[in-house]
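To keep things clear, I will list the structure first and then write my remarks on it.
The values are calculated or read from the model by the stated rules, or taken from the named source; none is laboratory data. Model, not experiment: these values are computed from the prediction. Counting neighbours? That spans all protein chains shown, and the Cβs are built from the backbone with ideal geometry, glycine included. Heavy atoms of the whole protein, side chains included, go into the accessibility calculation; ligands, DNA and RNA do not. Shrake-Rupley method; radii C 1.70, N 1.55, O 1.52, S 1.80 Å.
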Amino acid sequence: MSETSIAKTVYWQPLHDMLDPARSKTQTLAGFDEEFVDLADYILRITHRIWEQKNIGACYDYYADYCPVHTLGGYADSVDVVVQNTLKTIAAFPDRSLIGEDVIYREEANDVYYSSHRITSIMTNKGPSEFGAPTGKTGRVTTIADCMCRDNKIFYEWLMRDNSFLIAQLGIELDAAAAFQAKFPVSSTFTQWLNEEYARTCANEASRWESLPEQDKQWGDFAKSWADQIFNKRMFNKLSDFYKPNASVQWPGGRQATGNAAIGGMFIKYLASCPDANMVVDHICVTHYDDNRVNIALRWGLAGHYNATQSKYAQFNQQPHYILGATHFEIEDGVIAKEFTVFDEVAALANLMRKLPQATEA
């Protein structure tokens, strides 16, 4: 960020305080409506208007006409499709609530602002959804939405949801939800993007992103070293370099771990399903809260070849496998106190069923 003021914590703040902030402007937002005091305020308030107030048409106010939206399950690039997808989601889960847990953000070049918004949604499945017929059950899901914003509009977005945890609460099996999704065709643009992301990540090439401000470079190095040491080099003896002894970690599918031994075991078990995986960090942003607390948001890709840990998935062994993921760190005393990692295991399995990505092997 160009401003160096300390940000306001979002986590579990009273809704009234977030939607009617008493604090004065903490960030100059070039081209944005004067009502927004900083980028976190902008993201929280427009999300509330669109989803909680069901003002779906507000998407036309806050999304650019052309706005690529990447998910592991599909691709959209127009505000009209954003509106349609929002409508479908609310129809399937009409009581969906969105609890803002954190917005980690920074200013980049040319009046572009980047946000990484972590949300908890509680919702009841009353209509047909992307997972199948309605179940009538209530579930909770964590989402991380990374957005690029300019002139009061979102013009690029990456969306990651922990759908495997959601469907478990809805009483839907992972393979059934994935098979249902796999029946629907995906666009050639999505297939091309997935193939390119897979190849780039396998080659250990990060996508282009703006360099971090000087005050944040140490955290950029920390995040990239976390990916390289733990996930690429599998040096689980280094966990104490990154995590507090009592650190807590939340991963997709309801996986949770506390302490380095449990965290290492969880990571090893996951990597067994893609043992040649390579992780590349594609974007980093940092928000400072006080002298002892920094929050970091990473967007990353992981690519390799699938290796089933359950016999019913053995048919997909050795297929190219790609994950689009996001992680939020809460840093205390220079290391991770809490981690929240989100990616869509339902879409990842559906892509294996579609035989995607269709990578060109060397």
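Projecting label points 7 angstrom from Cα along Cα→Cβ for E35 and D276 puts them 5.3 nm apart.
Only one residue of T142, G132, Y114 has its Cα farthest out toward the positive end of the dipole of the range 85-152, where Lys and Arg carry +1 and Asp and Glu -1 on Cβ, and that residue is G132. 3J(HN,Hα) along the range 294-301, derived from phi through the Karplus expression 6.51 cos²θ - 1.76 cosθ + 1.60 where θ = phi - 60°, amounts to 10, 10, 10, 10, 10, 10, 9, x Hz, with x in place of Gly and Pro. Listed values (1) 132; (2) 186; (3) 199 include one computed from this model; for volume of the Cα convex hull per residue in Å³ that value carries the label (1).
Note down the relative contact order for the chain as a percent, whole number, built from C-alpha pairs under 8 angstrom at least six residues apart.
Once divided by the residue count of the chain, the mean separation gives 16 percent.
Cα centroids of the range 282-325 and the range 232-275: 12 Å apart. Protein heavy-atom accessible surface, 1.4 Å probe, per residue over the chain: 42 Å². Each Lys and Arg Cβ is given +1 and each Asp and Glu Cβ -1; about its Cα centre, the range 253-362 then shows a dipole of about 580 debye.
Dipole magnitude of the chain about its Cα centre, charges +1 at Lys/Arg Cβ and -1 at Asp/Glu Cβ only, in debye to the nearest 20? All intermediate terms of the calculation are to be shown ahead of the outcome.
On the way: 33 positive and 46 negative charges, 288 e Å.
Once rounded to the nearest 20, the dipole reads 1380 debye.
When each of the peptides 320-332, 299-311 is scored by the mean number of other C-beta atoms lying within 10 Å of its residues, the order from highest to lowest reads 320-332, 299-311. What does a probe at S225 reach in the range 301-337, counting residues whose amide N is under 17 Å from the point 7 Å along Cα→Cβ? Backbone N within reach: 329-337.
Heavy atoms only, probe 1.4 Å: what % of the accessible area of the chain goes to carbon and sulfur, would you let me know?
It is 50 percent, rounded to a whole number.
Annotation: amide H-H contacts under 5 Å for I154 (H modelled 1.01 Å from N, sequence separation of 5 or more, or interchain): Y63, A64.
Considering helices alone, the calculated mean residue ellipticity of the chain at 222 nm is -7500 deg cm²/dmol, with DSSP H runs of length four and up weighted by -39500 (n - 2.57) and normalised per residue.
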